[in-house]
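In what follows, a structure is listed as structure tokens, so that the remarks can point back to it.
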Ligand code: TYM
């Protein structure tokens, strides 16, 4: 996993085990990790410490962490190119967060749109929610990561990571690689099927909102057939005037890797019923084999424990080295 030995650059990304993974997580993140994994050394984390920024049931958090790890594998993450591990298993994440906290201006965190949105919905806001992007910066720069493949909603956090790394480097000397964000062309911002103006979200419990990666085919089909569209009866990539139709086309484009022109030609003269049917079949065809692999692997709970342990053992030295360098720069050790 050492960049200097092979000349390959390093990729880091992660997902919170805070709900049920959905097609937005797949198209915005995992699908692209899998497609590009052979080009890089990859570190894919299950960010359980981030999940704690909102209240979690402990038993469920534990179980969801394993579920997300299994989903990574079921979606095609190859351990020859990638390490997967749980964030809390490598204490350097928490330690570097503290060091970065001490160089990060409060105003930078108060400006984060995700913090503002989440804080507005809560009566009392925990410090962790505000500090969340600093932990995310620590995740990324601990591994000398060059690239961070994420959905559109995480772009601002990766930009903040760059600002924090640059600030630290300016204050204490070159210490961290400044990472670049990678956002997919299609599927970077999947919307809720019930409300195509809102982001598809893991935490929503509304039926028909999300297409969950472990939903059975009939549930997926039903949710898509019921998706909100409009009365224009026109199939076009027009997010402003046709957000529902755009969302379905966007999902279809990201899954099939077809161009917009090819898709428009395919649906020329056809109605919304036909569009929905095609999208449903494409989604089911993409998810069904993954679900089969998931349930096979889930039979043996010891398997994923072993994978998480080996993943953490494999990348811990990288994180500990970078933490040590930061500690030296700050005068904490020689
Ligand atoms: P999280 O867990 O909310 O989402 C995981 C990944 O899925 C993407 N995503 C979406 N993409 C398209 N459409 C959607 N509706 C959608 N919803 C989510 C996210 O952009 C993300 O790529 N803070 C991060 C987790 C994290 C992280 C990191 C990511 C912690 N440390 C370091 C990268 C690097 C988060 O909450 O993602």
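The values are calculated or read from the model by the stated rules, or taken from the named source; none is laboratory data. Bear in mind that the values here come from a model prediction, so they are computed numbers and not experimental data. In this analysis, Cβ positions are derived from the backbone assuming ideal geometry, glycine residues included, and neighbour counts consider all displayed protein chains.
Yes/no matrix, rows are residues, columns are (1) at pLDDT 95 or above; (2) part of a helix (DSSP H, G or I); (3) within 15 Å of the chain's Cα centre (by Cα):
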site	(1), (2), (3)
28	yes, yes, yes
38	yes, yes, no
42	yes, no, yes
60	yes, yes, no
69	yes, yes, yes
**Message:** What are the pairs with Cβ atoms under 6 angstrom where one residue, in segment 281-296, is on the phi < 0 side of the Ramachandran plot and in contact (Cβ under 8 Å) with a residue 24 or more places away in the chain and the other, located anywhere, is surrounded by fewer than 18 Cβ atoms within 10 Å (Cβ to Cβ) and assigned to a helix (DSSP H, G or I)? Sequence gap at least six, or different chains.
**Reply:** 282/256; 284/217
**Asked** Going by the conditions given, is residue 262 out of contact with any strand residue (DSSP E or B) (no Cβ under 6 Å at 6 or more places or on another chain), under 26 Å from residue 64 (Cβ atoms) and part of a helix (DSSP H, G or I)?
**Response** no
**Request:** Select from segment 154-168 the residues that are surrounded by fewer than 18 Cβ atoms within 10 Å (Cβ to Cβ) and within 13 Å of the ligand (Cβ to nearest atom) and list them in ascending order.
**Result:** 155, 156, 159
**segment 44-69, residues that are farther than 25 Å from residue 115 by Cβ and crowded, with 22+ Cβ neighbours inside 10 Å** = 69
**Request:** Can you confirm whether segment 86-100 contains a residue that is part of a loop (DSSP other than H, G, I, E, B), in the same structural domain as residue 161 (by TED's automatic domain parsing), in contact (Cβ under 8 Å) with a residue 60 or more places away in the chain and under 25 Å from residue 161 (Cα atoms)?
**Result:** yes
**Complete:** Going through segment 1-59 in order, the residues found to be more than 14 Å from the ligand (Cβ to nearest atom) and in contact with a helix residue (DSSP H, G or I) (Cβ under 8 Å, 6 or more places away or on another chain) are 1, 2, 8, 9, 41
**Request:** Determine which single condition residue 187 fails, assuming it passes every other condition in (1) near the ligand (Cβ under 9 Å from one of its atoms); (2) more than 21 Å from residue 272 (Cβ to Cβ); (3) in contact (Cβ under 8 Å) with a residue 60 or more places away in the chain.
**Result:** (2)
**Asked** Within segment 87-95, is even one residue in contact with a helix residue (DSSP H, G or I) (Cβ under 7 Å, 6 or more places away or on another chain), crowded, with 18+ Cβ neighbours inside 10 Å and farther than 27 Å from residue 177 by Cβ?
**Response** no
**Prompt:** Can you name the residue in segment 218-229 that is free of Cβ contacts under 8 Å to residues at least 40 places away in the same chain and not in a helix (DSSP H, G or I) and, of all such residues, is surrounded by the most Cβ atoms within 10 Å (Cβ to Cβ)?
**Reply:** 228
**Among (1) free of Cβ contacts under 8 Å to residues at least 60 places away in the same chain; (2) surrounded by 15 or more Cβ atoms within 10 Å (Cβ to Cβ); (3) touching a strand residue (DSSP E or B) at 6+ places or on another chain (Cβ under 9 Å) - the single one residue 130 does not satisfy** = (3)
**Fill in**
A careful count of residues in segment 197-217 that are farther than 14 Å from residue 243 by Cα, out of contact with any helix residue (DSSP H, G or I) (no Cβ under 9 Å at 6 or more places or on another chain) and surrounded by fewer than 18 Cβ atoms within 10 Å (Cβ to Cβ) gives 3
**Prompt:** Of everything in segment 121-151 that's within 9 Å of the ligand (Cβ to nearest atom) and part of a loop (DSSP other than H, G, I, E, B), which residue is nearest to residue 43 (Cα to Cα)?
**Reply:** 145
**Request:** Go over the candidates 171, 193, 214 one by one and state the one that is over 17 Å from the mean Cα position of the chain (by Cα), more than 10 Å from the ligand (Cβ to nearest atom), modelled with pLDDT of 95 or more and part of a loop (DSSP other than H, G, I, E, B).
**Result:** 193
**Message:** Which condition from (1) in contact (Cβ under 8 Å) with a residue 24 or more places away in the chain; (2) closer than 24 Å to residue 118 by Cβ; (3) touching a strand residue (DSSP E or B) at 6+ places or on another chain (Cβ under 7 Å) is the one that residue 143 breaks?
**Reply:** (2)
